[in-house]
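Inspection log for the structure reproduced underneath, given as structure tokens.
Values quoted throughout were computed directly from the atomic coordinates according to the rules given, and no laboratory measurement underlies them. Computed from a predicted model, the values in this text were never measured in an experiment. With ideal geometry, Cβ positions are generated from the backbone for all residues, glycine too; neighbour counts draw on all protein chains shown.
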Amino acid sequence: MTAIGALITSPLAAIAAMYGSRGANRAAREASAVTGYDSLTQRLVAERDKAEADQAKAEARVDVLELEVARLRLLVTQLGGTP
């Protein structure tokens, strides 16, 4: 009986070990994917924040330049020219 039990349990143990290692490999791949996704998300957020800051600086610069253009047009008009 013991020999028959051993013959039955040995393949079952091998199948369980193989299935367990597949699960562990899948879990490792999923963890790697999640870590990569988190890293990518953090980089995208940083790039978006930088782009928004650059856009705000550019808009401020546009405002300054528009004021300068208005000042120069007024100066040209005061000097008798046409802007």
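What net charge is computed for the residues neighbouring E59, neighbours being all others with C-beta under 14 Å from the C-beta of E59, Lys and Arg scored +1, Asp and Glu -1?
Working: positive: K57, R61; negative: E52, D54, D63, E66.
Overall, the nearby charge balance is -2.
If you take the beta carbon distance between R61 and Y37 as r and set R0 to 25 Å, what does 1/(1 + (r/R0)^6) give as a FRET efficiency, to the nearest 0.05? Can you show the working numbers first?
Numbers: r = 36 Å, r/R0 = 1.44.
With R0 = 25 Å, the Cβ-Cβ based efficiency is 0.10.
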